[in-house]
Amino acid sequence: MTGRSRLGVTRLSDDQLVGVLQAARRQENREAWKKALVIAEFARRREAEFKRAEARDVPVHCRPGQFPGEELAIELLLGPVQASHAIDDATDLATRLPRTLAGMAAGLIDEARAGTIALYTRSLTPADAALADGILAALAPAVRLDQLARRAAALEMRLAPEAVKARKEHARQTRQRVEIRREESGNATVAGREMDTGDALAAKAHIHALALRLRRAGMPGTLDQLRLLAFADLTAGRNPLDRPGPADATDPTDRTDPADLADYVGGQDIGQGDSAGSLDYQQEHDVGDPDDPPPDPGPPAPTPALINLVVPAGTLFGWDTTPTEAGGWGLLDGDETRAVVAAASRHPATRWCATVIGSDGTALAHGCSPGQHPWTGEPRQEQRQHDKPPPGGGHPVPAQADRLAAFVRGLNLTFQSVARNGCAHAAAESRYTPSRRLTHLVRARTVTCDAPGCGAQAVHADLDHTIAYPDGLTDQCNLGPKCRRHHKAKQAPGWKVEQPEPGVIRWTLPSGRAHTTRPTVYDVDLG
């Protein structure tokens with residue numbers, strides 16, 4: 001019997017189906033109300049612990065209750081920042097926003113809308129927060145989330161303009177960054193976060209002007225594609241007007257019509273709900289056939305390899321399609337892998353490293369090659385034919401094995417074992433700061449912070465001695481990568497971290513609950 005049959009939904013009318021859907025949504029909102037009350041009480045207890053220690057003049061680093069966000073993050077498998085936001089929202093709902101909380105209890109307001117109300121009322125005085133709570137709690141059940149956010153932001157700006165200005169300035173000082181992330185499709189996004197609004201609009205206008213010049217010079221593609229091409233060239237140190245083909249784009253008499261920019265810059269094409277991109281959509285469809293192929297972006301610019309690429313040999317040389325694990329980025333397909341490796345190999349700062357993966361997907365050994373080894377990534381055509389794998393797959397043909405052996409010999413790699421199960425202390429060092437060799441071994445074993453659920457990359461994390469040095473060795477069996485927040489949490493009262501085996505990390509939280517993390521299992525197809 002299928003799940004639909006068990007619920008009886010196949011016998012319901014359309015009106016009844018929607019009624020069940022709405023009832024389920026109300027129940028979900030009530031569960032969010034319960035969760036908010038529990039999180040608020042959890043945070044209250046940790047804050048009380050901290051204040052009691054503060055009243056006794058306990059040194060700050062010895063006070064319990066300092067890291068409620070990190071503790072909650074481990075239990076709920078959230079990021080620490082996300083968990084801290086959940087604590088802030090729940091605390092505000094329980095103490096400052098009674099009407100919004102009541103709306104959740106009645107099943108009318110969901111967790112996302114409640115969080116939005118909490119965010120935009122946090123800077124308000126208690127009296128203004130009460131006023132905003134009444135207005136927004138009444139509005140929330142009847143509007144989309146993005147509409148509620150705009151109304152809440154406008155209300156905050158009217159009631160507390162100086163607080164809004166201070167928050168923006170604080171974000172510019174503490175959270176400005178260039179961020180890269182993986183799209184669900186497998187492509188990538190690069191974003192400048194917390195930019196000055198004027199700078200962002202000027203950048204957008206400049207990119208659009210370049211895209212228009214490329215289009216007028218005959219470059220194929222929609223305006224969206226040409227804007228992205230210009231953006232990629234500019235951020236990679238290339239001039240998009242130097243591309244082969246659009247020679248007319250460099251004509252100094254070619255000037256962008258200011259009206260084109262005025263409409264585009266004024267368009268609400270980012271983060272504005274269903275109306276997002278309406279201006280872009282109209283402009284884009286003024287250009288050619290959307291079925292035309294996009295412009296060729298060309299090869300990637302030389303890039304220093306600051307991440308460890310876990311590359312199956314068959315993928316590197318084009319023998320098969322096994323995906324590649326690229327640090328914390330995720331999976332790359334074969335073409336992406338070869339392009340990235342070739343680009344990285346041309347950069348003078350890049351060094352080739354290799355991690356040998358066992359049958360269980362964990363690291364067995366790691367080694368790095370001295371010197372630079374530029375690589376094209378494209379075997380000759382006759383070599384491709386010679387290297388063609390046997391029907392049905394199987395082991396590499398002799399030609400493949402010979403090429404791989406020659407490649408490895410050229411790198412002059414020296415592998416060292418990654419400690420597993422026991423530890424013979426073969427890599428132990430008589431100093432506090434581990435060498436690059438030992439650092440690479442630990443990071444190859446565990447590629448993210450070893451706290452449960454934390455995704456911070458090991459390459460940016462501290463290498464922590466599980467047992468403090470000098471009582472604990474500087475060795476694989478006593479080192480583990482920890483982001484700065486979890487490194488501090490580990491040293492706080494009530495927290496305990498043990499490493500019973502190399503890479504097996506047992507975290508005991510102030511609540512007494514324990515969680516264990518293990519060495520990274522790489523997301524590659526091991527057949």
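How large is the convex hull of the Cα atoms of the range 10-176 per residue, expressed in Å³ as a whole number? Spell out each step's value before the answer.
On the way: hull volume 26.0 nm³, N = 167.
So the per-residue Cα hull volume is 156 Å³.
Label-point separation (nm) for Ile135 and His206, each offset 7 Å from Cα along Cα-to-Cβ?
3.8 nm
Once you place label points 7 Å from the Cα toward the Cβ at Ser511 and Val190, how far apart are they in nm?
4.1 nm
Estimate the FRET efficiency between Val178 and Gln147 by the formula 1/(1 + (r/R0)^6), using the beta-carbon distance for r and 30 Å for R0, to the nearest 0.05.
Given R0 = 30 Å and the Cβ-Cβ separation, E is 0.50.
Computed FRET efficiency, Cβ-Cβ of Ser417 and Arg518, R0 25 Å: what is it to the nearest 0.05? Intermediate values should be presented prior to the final figure.
Values: r = 18 Å, r/R0 = 0.70.
The value I calculate is 0.90.
When the Karplus curve 6.51 cos²θ - 1.76 cosθ + 1.60 is applied with θ = phi - 60°, which whole-Hz ³J(HN,Hα) does each residue of the range 457-464 get, with x for Gly and Pro?
6, 4, 5, 9, 9, 6, 8, 9
Of the listed peptides 161-172, 483-494, 506-517, what is their order by residue-averaged count of other C-beta atoms within 10 Å, with the highest listed first? Don't skip to the answer; put the middle values down first.
Numbers: 161-172: 12.3, 483-494: 19.0, 506-517: 15.4.
Peptide ranking by packing, descending: 483-494, 506-517, 161-172.
Can you tell me which of 179-191, 97-109 comes out highest on packing, and rank the rest after it, using the mean Cβ neighbours within 10 Å? Provide the component values of the computation, followed by the final result.
Values: 179-191: 9.7, 97-109: 20.9.
The most tightly packed comes first, giving 97-109, 179-191.
If you stretched the chain out fully between Val58 and Val20, how much longer would it get, using 0.36 nm times the residue separation minus the C-alpha to C-alpha distance?
Length gained, Val58 through Val20: 8.2 nm.
Working out 0.36 nm times the residue gap between Glu47 and Tyr469, then minus their Cα-Cα distance, what length gain in nm do you get to one decimal? Numbers along the way, then the final one.
On the way: separation 422, 0.36 × 422 = 151.92 nm, distance 3.12 nm.
Length gained between Glu47 and Tyr469: 148.8 nm.
Run the simple label-point estimate for Arg409 and Leu364 please: 7 Å along Cα→C-beta, distance reported in nm.
Result for the modelled spin labels: 2.2 nm.
Laboratory data are not the source of any read-out in this text; all were calculated from the coordinates shown. Since the model is a prediction, treat every value here as computed from it, not as a measurement. Ideal geometry is used to build each Cβ from the backbone, glycine not excepted, and the neighbour counts take in all protein chains shown.
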